[in-house]
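Scroll down for the structure; my scribbles are underneath it.
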Amino acid sequence: MSDNKTATQRTTIVCTTIKDVRSEIDKLKKSGKKIGFVPTMGALHAGHLSLIQHAREKSDAVVVSIFVNPTQFGPNEDYDSYPRQVESDIKDCEQEGVSIVFVPDRGEVYDEKNYLNITVEELNNHMCGGSRPGFFEGILLIVNKLFNIIKPDVAVFGQKDIQQVQIIRQMVHEFNHDIEILCASIVRANDGLALSSRNMYLDENERVIAPSLYRALHYIESQVMSGVDTPKLLLDHQKSELEAKGLEIDYLNVFDKKTLQPVPVLSKGSEYIIAGAVYLGETRLIDNILIEL
Ligand code: AMP
């Protein structure tokens, strides 16, 4: 480790086993530290780093997990090709003053055969849950495990995956995890594209087209905020515009923030999520905007 690193950078501990991470966290807790947790699948970018900064503000010691979770990938999805760059991720965590990075391998987290699962009712009928069967069950499985391993006081998730945030909030409530869930806003590139580890898959032309999703969401937001309360035509028009640019629509709709169901007629005083997912070549992009009428 080079000498020009600050004291905070030097204290990052990397753990690969549950036993070790528990023992390091015990030490922090015994010295009275409040633990902030940021679960990630690695390939860290400025969006992840903003979550770490948020966790630092809300706690005394930050734990980051890096684990590409197999149970949240469908059989034809990109588990094998998902970007993995653990060494540079650890360096980023050091720079951000992270206390512990937990990087377990698959066998440390999952047995050869698992007998139990968590099922989700209704909250995963639409949005990403609608098109990725088993996705949120896989997420809840890993987040539940990580919460039991790390036992944080607060955990920070990104609004980028708003359905995930809402379903995890529900799990914390129903399973009585004593953890405060915080939601950090979406970090975007200058042209509006939400940062994502999967943006690495985009070629030069696709990267130019990619911000169209955010522009469409932004346009829908402006129309809804200026009084459009039945958004179907507006949504259909935006879908056609995106398709004309070469994007394949998975979904584009306005959803109730709590029930995560699509809402055909919007009403004053309610909170909504304007959300979309599109395919650009092989790459799936998601984005959303939260609004309150
Ligand atoms: P992932 O590594 O994709 O599982 O993401 C780990 C966490 O980072 C999740 O809580 C994501 O919602 C969050 N995240 C991903 N992209 C962004 C972004 N552009 N801005 C803020 N948070 C993000």
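The values are calculated or read from the model by the stated rules, or taken from the named source; none is laboratory data. Worth saying up front: this structure is predicted, and the values here are computed from it rather than measured. Cβ: placed from backbone, ideal geometry, glycine included. Neighbour counts: every protein chain shown. All accessible areas refer to the heavy atoms of the entire protein, side chains included, with ligands and DNA or RNA removed. Shrake-Rupley method; radii C 1.70, N 1.55, O 1.52, S 1.80 Å.
Brief remarks follow.
- Taking the listed residues ILE179, ILE162, ILE167, the one that is within 16 Å of the ligand (Cβ to nearest atom), within 30 Å of ILE118 (Cα to Cα) and more than 16 Å from the chain's Cα centre (by Cα) is ILE179, with no other qualifying.
- Residue within segment 232-245 that is farther than 29 Å from SER197 by Cα and in contact (Cβ under 8 Å) with a residue 12 or more places away in the chain present: yes
- Of the set (1) more than 17 Å from ALA216 (Cα to Cα); (2) surrounded by 14 or more Cβ atoms within 10 Å (Cβ to Cβ), all apply to GLU271 but (2).
- Against the test of being crowded, with 21+ Cβ neighbours inside 10 Å and within 30 Å of PRO264 (Cβ to Cβ), the options GLY74, GLY134, GLY129 yield a single qualifying residue, GLY129.
- Test: GLY97 is assigned to a loop (DSSP other than H, G, I, E, B) and either farther than 29 Å from LEU28 by Cβ or open to solvent by 50 Å² or more (accessible area, probe 1.4 Å) (or both): no
- Of all residues making up segment 97-123, the number that are charged (D, E, K, R) and under 19 Å from LEU146 (Cβ atoms): 4
- Applying the criterion of being near the ligand (Cβ under 7 Å from one of its atoms) and out of contact with any helix residue (DSSP H, G or I) (no Cβ under 9 Å at 6 or more places or on another chain) to the residues of segment 35-55, the residue that is farthest from VAL156 (Cα to Cα) is SER50.
- In segment 137-146, residue farthest from the ligand (Cβ to nearest atom) [restricted to those that are touching a residue at least 40 places away in the same chain (Cβ under 8 Å) and surrounded by fewer than 22 Cβ atoms within 10 Å (Cβ to Cβ)]: GLU137
- LEU28 meets all of the listed conditions (1) closer than 20 Å to VAL143 by Cβ; (2) of a type outside the set (Gly, Ala, Ser); (3) in contact with a strand residue (DSSP E or B) (Cβ under 6 Å, 6 or more places away or on another chain) but one, namely (1).
- Contact map, segment 152-171: first residue without any contact (Cβ under 8 Å) to a residue 40 or more places away in the chain, second residue assigned to a helix (DSSP H, G or I) and within 7 Å of the ligand (Cβ to nearest atom), Cβ cut-off under 7 Å, separation 6 or more or different chains; pairs are VAL165/GLN159.
- Residue ID - most open to solvent (accessible area, probe 1.4 Å), chosen from residues in segment 182-206 that are away from the ligand (no atom under 15 Å from the Cβ) and more than 10 Å from LEU285 (Cβ to Cβ): GLU204
- Any hit, segment 67-82, residues being in contact with a Ser or Thr (Cβ under 6 Å, 6 or more places away or on another chain), within 11 Å of the ligand (Cβ to nearest atom) and in the same structural domain as ASN117 (by TED's automatic domain parsing): no
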